[in-house]
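**Q** Before I ask anything, let me first share the structure, which is written out below as structure tokens.
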Amino acid sequence: MDVRLYMFDGSNACLTAQLALAAAGIEYRAVQLPPGAHAIAVRALGFRGQTVPALQIYGRKILGSKAICHAVAELRPESGLLPDDPQLRAAIEHAEERGERFQNALRRLMYVSASYDRTPVRALLEGTAYGRLPSPLVGLATRGIVKAATAAHNAKPERALADIDLVIDVIAEVDQLVRDGIMGGEVPNVADCQLAPNISGLALIDHDGRLGIREHPAWQVAERLVPRYPLDTTLNVPEPWIARMQAGLAPR
């Protein structure tokens, strides 16, 4: 098989790449890399960077979910990932860009919350090769990865409320795009692929339904593509975050 996706489970960006490949009908081999050590592996594989997802496809090496989605759309223009209509394409690409910002904000919130409760990160690691290690070593790896990822993504408690506001704003935008028929349709586009994993990821915070995320039109995007978030855990966040989200996500 000439197509390989280097990734690790639990990464929303990797799930975005998987959704795009599936939408385009491109078969691929998923190569699982260990979280944290993936940066070294990606470099060693000849990619010009150290992030996942990393796609090797027909002799090309492509890094990042957005670049992968666009490369796949280019290879399979009939897939509908990127429409021909200029205005519709512009709206979808703008939503995709907002989806990237949403992903980064949600990632920062997850890492800040992990500094209080590392359970979700440990659950992620236990589903990888780390899960074969003795429990104390998994704990050490969890602490190390949380510390490194928090620094790498500039995740800070003082910016949490601003990140929450961005998440709220993007959900409102996606709500309207779903109403307008631009997102959440039968044929997924690059914006659907970018946002579905991240909207679904909010269910880790809204595990008790207090935020009402499932009542939003935006949830249709997640429900169609990622109806159940692949990480079987919950994300316990500070009560001020919940209050901010409840206020922002209340019906408008």
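**Q** Among all helices in the chain defined by DSSP H, which have a length of 27 Å or more along the axis from Cα atoms plus a Kyte-Doolittle mean of at least 0.5? Write down the numbers at each step before the final one.
**A** Details: long enough: 86-114 (41 Å, -0.71); 160-179 (29 Å, 1.08).
The qualifying helices are 160-179.
**Q** Within the stretch 1-94, report the chymotrypsin sites (Phe, Trp or Tyr not before Pro) that DSSP leaves as loop and that have at most 12 other Cβ atoms within 10 Å. If you can, show how the numbers build up before the last one.
**A** Numbers: sites: TYR6, PHE8, TYR28, PHE47, TYR58; in loops: PHE8, TYR28, PHE47, TYR58.
Loop-located and lightly packed - TYR58.
**Q** Now for a separate question. Sort the stretch 3-79 into rounded, prolate or oblate with this rule: let a ≥ b ≥ c be the square roots of the eigenvalues of the Cα gyration tensor; rounded if a/c is under 1.5, and if a/c is not under 1.5, prolate when a/b is larger than b/c, oblate otherwise. Could the numbers behind the result be given before it?
**A** Working: a/c = 2.05, a/b = 1.59, b/c = 1.29.
It comes out prolate by the Cα gyration axes.
**Q** Determine, for each peptide in 12-18, 204-210, the mean count of other beta carbons within 10 angstrom over its residues, then list the peptides with the highest first.
**A** Numbers: 12-18: 25.7, 204-210: 15.3.
Peptide ranking by packing, descending: 12-18, 204-210.
**Q** Okay, next question. Taking every DSSP beta bridge that has both residues in the chain, what percent is antiparallel when rounded to the nearest 5? Write out the running numbers ahead of the final one.
**A** On the way: 8 of 12 bridges.
Among the beta bridges of the chain, antiparallel pairing accounts for roughly 65 percent.
**Q** Towards the positive end of the charge dipole of the stretch 115-252, with charges on Cβ (+1 Lys, Arg; -1 Asp, Glu), say which of SER115, HIS207, ILE171 has the farthest Cα.
**A** It is SER115, whose Cα lies furthest towards the positive end.
**Q** Under unit Cβ charges (Lys, Arg +1; Asp, Glu -1), what dipole magnitude, rounded to 20 debye, does the chain have relative to its Cα centre?
**A** Working: 27 positive and 28 negative charges, 229 e Å.
Dipole magnitude for the chain comes out near 1100 debye.
**Q** Using +1 at the Cβ of each Lys and Arg and -1 at the Cβ of each Asp and Glu in the chain, identify which of HIS38, LEU249, VAL190 lies farthest towards the dipole's positive end.
**A** HIS38
**Q** Only Lys, Arg, Asp and Glu count, each charged at its Cβ (+1, +1, -1, -1), so figure out the dipole size of the stretch 135-242 about its Cα centre, rounded to 20 debye. Working shown, then result.
**A** Values: 9 positive and 15 negative charges, 106 e Å.
So the dipole magnitude of the stretch 135-242 works out to roughly 520 debye.
**Q** Here's a follow-up. Compare the Cα positions of ALA13, PRO86, PRO134 along the charge dipole of the chain (+1 at Cβ of Lys, Arg; -1 at Cβ of Asp, Glu; about the Cα centre) and return the one farthest towards the positive end.
**A** The residue sitting farthest along the positive end of the dipole is PRO134.
Values in this text are rule-based calculations from the coordinates and carry no lab data. Computed from a prediction, not measured in an experiment: that's the story for all the values here. Virtual Cβ from ideal backbone geometry, glycine too; neighbours counted across all protein chains shown.
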